[in-house]
Amino acid sequence: MSNDLPTDLPTLTSAFLASGLAGSDLQSSVSEWTPTLSDSVESWSSKSLLLYQDNLDHLSLPEQDEIKRNSTSLKQDTLPSAADPQFGQDVVRLDGFGYDQRDRLSTTEIHTLIVLWLQSILVSKEAQEHICQLRGDAAKAYLDALQKFLDWMRDPRRIVAILPTSSDQELRDMRRRGIRLLISLSKASEELPPSLFIPKPEVDRRPGRDADGVGGYADIFKGSYLGRLTAFKRLRVFVENQNADPDRKRKMQTMLFQEALVCRQICHPSILPFHGVWREKEGKLPYLLAPWMAHGNAHKFSQAERRGHVIDRLVSGAVSLPSHAYTRHLEQQLIGVVEGLAYLHQEGIIHGDLTGKNILVEESDGAYRAQLCDFGLAILFTSPSSQLYYQSNSSGGGERGTIRWMAPETLFPQYSKPSFETDMYQFACVALELYSGQDPFSEYRHDVEVLHAVTAGTRPRHPGAGKYGRTLPRTPLWDVMEQCWKQTPLDRPTATVVLRKLQN
């Protein structure tokens, strides 16, 4: 085998398709008939199902030829030429792939063609524009095919087995392009992949009438999904608009479901998994499903320490930890929070409402880890221009709302939109909250006092040992927090920079 193989997907695709993989049969077939762009683009959704079959020996030669023709139809416009001297003769022969001139392709070869076929679509502006014109059942079928492929890609071993020479960055880029196409098609067609919605038989125990918990925008109910304890989140804005006109309700649901579709793509150990949307039946109130976290949120967890021990009084009974052990868990939780933020920001997603109540605590092998939740939802519910604007979310009077975590530019009179920089400001507030066990600016009784103080440049004071005897380290954590609290957003460090400092 040759070692001179291409390492990027476009070059790999070009080399694969120009290799004479199927011999004279392919060449004569292509010369007789080349599919139109619409034929090639649209047929991928149905042929993609072959990717999930372990044995394709049943596939006839005409069916194989159809896959070959479609996978080559876009290459001239979207991929570099395999005849380019930089690729070398070994690449054109494709020695390293181990393929020969057989008429019948192996299952792995067919899987590879299907993946490269999608790659050629994802780098073609014309192909994507055509896909975004699909409507109705055709759009739903394509959305479902894309979602199934993205779910399949979650296990990196699968794609690496097919494209072993591609770098992690190239595979991440392919996934991002796939997600962008999925979201674009959903918005253009106002359709959603059916797999976003959880079938009724998969819900073993439905949520009860009384909520088991309350969040900023939703009531939380306990149920069971696929035999596992599950949180069913019901948004109050839908409860209060049950009698709204059908068009408004449809627009509200579309906006929520498209945001849920984004959440569906996120996959990281420091982010709470999202199972999907469940409705008892069409027209009923929607619930967002996620794993039930027995240890509750990080805010309550930070307040559980008494007399040198941590007592978890939330759900699962008493769990006792020495104070120094709790601090060790807290340090790991904060690193987990930054890892989650770095991942979201890398994916172009702003959390927008980072507080201890939006960080859940998971126990695994004696370690208490942080998982971010509710990212992106705050922007939907707090923007007056949003269909999901929920006025009851605004804090005021003597209540303590998220104003205490908000960056100065998002407060009166600027009201700037949340950004990566506001997320970093909120991270510093969360670090203070978890070490002290108290809200930021706990010395102020009313939020309006906090608002005036923050816009005037005041920042939280170092809490010392705090109420629970945990001393927040001045180096590097407090130094990093002060950088995150800079008045000018661009002066704040990125999540990646903060992560590196805390890990070191």
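Readers should treat all values here as calculations from the given coordinates under stated rules, not as data from a laboratory. A quick note: this is a predicted structure, and the numbers were derived from the prediction, not measured. FYI the Cβ positions are ideal-geometry reconstructions off the backbone, even for glycines, and counts take in every protein chain you see.
Loop-only GluC sites (Glu not before Pro) in the stretch 409-467, please: DSSP not H, G, I, E or B, and at most 12 other Cβ atoms within 10 Å.
Qualifying residues, ordered by number: Glu443.
So which GluC sites (Glu not before Pro) in the stretch 163-252 are both in a DSSP loop and have at most 15 other Cβ atoms within 10 Å of their Cβ?
Glu190
Roughly how many nanometres apart are two label points built 7 Å out from the Cα toward the Cβ at Ser60 and Ala456?
Each label point lies 7 Å from its Cα, and together they span 8.2 nm.
Provide Arg69, Arg177, Arg205 in ascending order of the number of other Cβ atoms located within 10 Å of each residue's Cβ, fewest first.
Arg205, Arg177, Arg69
Quick check on my link table: of Lys249/Lys417; Lys357/Lys501; Lys417/Lys501; Lys47/Lys140, which ones sit more than 21 Å apart, alpha carbon to alpha carbon?
Lys249/Lys417; Lys357/Lys501; Lys417/Lys501
Between Thr165 and Arg279, what length comes free when the chain is fully extended (0.36 nm per residue of separation minus the Cα-Cα distance, one decimal in nm)?
Answer, rounded to one decimal: 36.7 nm.
Within the stretch 447-504, report the trypsin sites (Lys or Arg not before Pro) that DSSP leaves as loop and that have at most 15 other Cβ atoms within 10 Å.
Arg461, Lys467
Please work out whether the stretch 143-235 counts as rounded, prolate or oblate from its C-alpha gyration tensor, where a ≥ b ≥ c are the square roots of the eigenvalues and a/c under 1.5 means rounded, while otherwise a/b larger than b/c means prolate and anything else oblate?
Prolate, because a/c is 1.5 or more and a/b exceeds b/c.
Give me Tyr142, Tyr444, Tyr415, Tyr225 ranked fewest to most by other Cβ atoms within 10 Å of their Cβ, as a rough exposure proxy.
Tyr415, Tyr444, Tyr225, Tyr142
On a full-extension model of 0.36 nm per residue, what is the gain between Ala465 and Asp137, subtracting their alpha-carbon distance, rounded to one decimal in nm?
Once the chain is fully extended between Ala465 and Asp137, it gains 112.0 nm.
For Ala218, which sequence-distant residues (separation of 5 or more, or a different chain) have an amide H within less than 5 Å of its own amide H, given hydrogens modelled in the peptide plane?
Residues meeting the criterion, in which the H sits 1.01 Å from N, are Arg236.
How far apart, in nm, are the 7 Å Cα→Cβ label points at Arg328 and Ala211?
Using points 7 Å along Cα→Cβ, the separation is 3.8 nm.
Net charge around Lys417, counting only other residues with Cβ within less than 13 Å of its Cβ (Lys, Arg = +1; Asp, Glu = -1)?
-4
Quick one: 3J(HN,Hα) in Hz for the stretch 451-456, Karplus 6.51/-1.76/1.60 with θ = phi - 60°, rounded, Gly and Pro as x.
Taking θ as phi minus 60°, the curve returns 4, 5, 5, 5, 5, 7 Hz for the stretch 451-456.
After finding the eigenvalues of the alpha carbon gyration tensor for the stretch 200-291, what semi-axes result from the square roots of 5 times each, listed largest first in whole Å?
21, 16, 13
Ranking Met481, Met174 by Cβ neighbours within 10 Å, fewest first, what do you get?
Going from least to most buried by this count: Met174, Met481.
What nm distance separates the two modelled labels at Ser416 and Ser38, each placed 7 Å from Cα along Cα→Cβ?
Modelled inter-label distance: 4.7 nm.
If you place +1 on the Cβ of every Lys and Arg and -1 on the Cβ of every Asp and Glu, how big does the dipole about the Cα centre of the stretch 200-291 come out, in debye to the nearest 20?
The dipole of the stretch 200-291 has a size of about 140 debye.
Going by amide H atoms built from the backbone, whose H comes under 5 Å of the H on Ala290, apart from near neighbours?
Ala231, Lys233, His275
Once R0 is set to 22 Å, what does the formula 1/(1 + (r/R0)^6) return for the Cβ-Cβ distance between Phe197 and Lys251, expressed as a FRET efficiency to the nearest 0.05?
It comes out at approximately 0.75.
Using a ≥ b ≥ c from the Cα gyration tensor of the stretch 412-501 (square roots of the eigenvalues), is it rounded, prolate or oblate, where a/c under 1.5 gives rounded and otherwise the larger of a/b and b/c decides, a/b for prolate?
Taking the square roots of the gyration eigenvalues as a ≥ b ≥ c, the stretch 412-501 is oblate.
On full extension of the chain, what length is gained from Ser224 through Glu240, given 0.36 nm per residue of separation minus the C-alpha to C-alpha distance?
Fully extending the segment from Ser224 to Glu240 adds 3.2 nm.
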